[in-house]
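See below for the structure under consideration.
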Amino acid sequence: MTIDLASPDTYTSGIPHAAFRALRDSNPVSWCAEVGGPGFWAVTRYHDVVQVLRTPAVFSSWKGGVLLQDPPPEFLDKLRESLMNRDPPDHTQLRRLVNRTLSPRRLEQLDSRVARHAAELVASVRPGGACDFATDIAEAMPLFVICEILGVPAADRRALYALTDRMFSTEPRDPAEAMRDKVAAAGEMRAYGLQLVHAKRAAPEDDLMSELAAEPSLTDGELQAFFMLLFNAGTDTTRSLLSYGLDLLLDKRDVLDHLRADAARIPLAIEEMLRYQPPVIQIRRTATQAIELAGTQIAEGDKVVVFFPSANRDERVFPDPDHFDPERTPNDHIAFGFGAHFCLGAPLARLEARHVFREVLTQLEGIERAGEMIPARTNFVRSIRRLPIKFS
């Protein structure tokens, strides 16, 4: 294979599904060279990806972190303060704290607020007959929701999101420069998170960061890492789901009309959007021991990278996987991951998407593209920078 699965440029014009299909068929755990790095194993079949994600004792998040490119040692130490870069039992103990605050009861209480904001947000763009869906709705919606949950003041939200954008996209072409920029952006967000913790300790409010700041078992570093993880996960992945979801519907008018006529079908369609266009491209693990995976020998210390767009189109699991079926059942996609690290915010993302798509289909008639869709340059969390639409 000549395709460079580590390069952000590989994904700017779409996911290379033909290449992934070829790998699944002939080389499902394949060795990939890496510019400026030691190389990695690319895992492309569904069941192999699940095996990697469900066995953290063998495929570790802590040992090398979850970023494909090896971070500088001092940055890796900071990353290891986060849930995302830990293995059980440490991961399990930390996750319990957030599970308690993002409980089903808390989400049920949020439902009416999310529904109201979705209605207001879509109503705000109606008079102009056009908007940039990627920024005016797909970005604005999750940014409002996660900041309300965390207790981030409205004046700080856009600047924080700009830091998320720098961490997830890869605008600098030089890998070393790109990593430096990600490290700098993460440092700024961590510093803000600590300021917020101090403010919440001085004047607690009814929000998640006030609850976490009062938790005596958490260090300042862990609180900074919690803030960065929750803010990032709560904004960009949901923006990706909303943007790519609408982009799909604009190409499939029959599906759009079907959902407009029967909003009860929207949750099922959202699951297919997640399978068909998952927000996350890949995530990395590191082998803690020599092991065989799909007939391939992996050495201790090797990087193992799982690719969600490939796993979610695996013909061994999903019949006719390149067909978008808004009523696909069963639909056991792994767009939100699998196992111990299954996405904390998955229920929240589904809740936001359900309300946004219902309001868009209810309030906006005759939706069409009004310009070119522009994706971000990234090999990690997908994002659409611009999606201009017009409507009556």
Report, in deg cm²/dmol and to the nearest 500, the calculated mean residue ellipticity at 222 nm for the chain, where each DSSP H run with n ≥ 4 adds -39500 (n - 2.57) and the sum is divided by the residue count. -16000 deg cm²/dmol
Once phi is turned into ³J(HN,Hα) by the Karplus curve 6.51 cos²θ - 1.76 cosθ + 1.60 with θ = phi - 60°, what whole-Hz value does each residue of segment 311-326 show in order, with x for glycine and proline? 4, 6, 10, 6, 5, 6, 10, 10, x, 6, x, 8, 9, 7, 10, x
Among Ser210, Ser103, Ser61, which one shows the biggest mean-square fluctuation in a GNM of the chain, springs joining Cα atoms closer than 10 Å? Ser103
In Å, the C-alpha Rg and Dmax of segment 241-296 are 17.7, 54
Using only alpha-carbon positions, what ratio does the radius of gyration of segment 258-392 give when scaled by 2.2 N^0.38 Å? 1.28
Those lysines that a straight Cα-Cα span of less than 19 Å connects to Lys63, excepting residues fewer than 8 apart in one chain: Lys78, Lys303
Highest first, please rank the peptides 224-232, 157-165 by the mean number of other Cβ atoms sitting within 10 Å of their residues. 224-232, 157-165
Per the Debye formula with a single identical scatterer at each Cα and no solvent contribution, what log10 I(q)/I(0) holds for segment 99-183 at q = 0.12 Å⁻¹? -0.52
Values of log10 I(q)/I(0), in the order q = 0.11, 0.18 Å⁻¹, for segment 196-345 under a Debye, Cα-only, solvent-free model: -0.64, -1.07
Stokes-Einstein D for segment 1-129, Kirkwood Rh over Cα pairs, 10 °C, 1.306 mPa s (µm²/s): 85 µm²/s
Provide the three semi-axes, in whole Å and in decreasing order, of the ellipsoid equivalent to segment 21-97 as defined by the square roots of 5 times the Cα gyration tensor eigenvalues. 26, 18, 7
The distance between the Cα centres of segment 127-158 and segment 8-35, in whole Å, is 34 Å
Taking 0.36 nm per residue of separation and subtracting the Cα-Cα distance, what length does fully extending Ala191 through Asn99 add? 30.7 nm
Counting pairs of Cα atoms in the chain, how many percent are more than 31 Å apart? 36 percent
Computed Kirkwood radius, in angstrom, where 1/r is averaged over Cα pairs of segment 8-63: 12.9 Å
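Read the figures in this text as sums done on the coordinates, not as results from a lab. Note that the structure is a prediction, hence the values are computed from the model and not measured. Cβ sites come from the backbone with ideal geometry, for glycine too, and all protein chains shown count toward neighbours.
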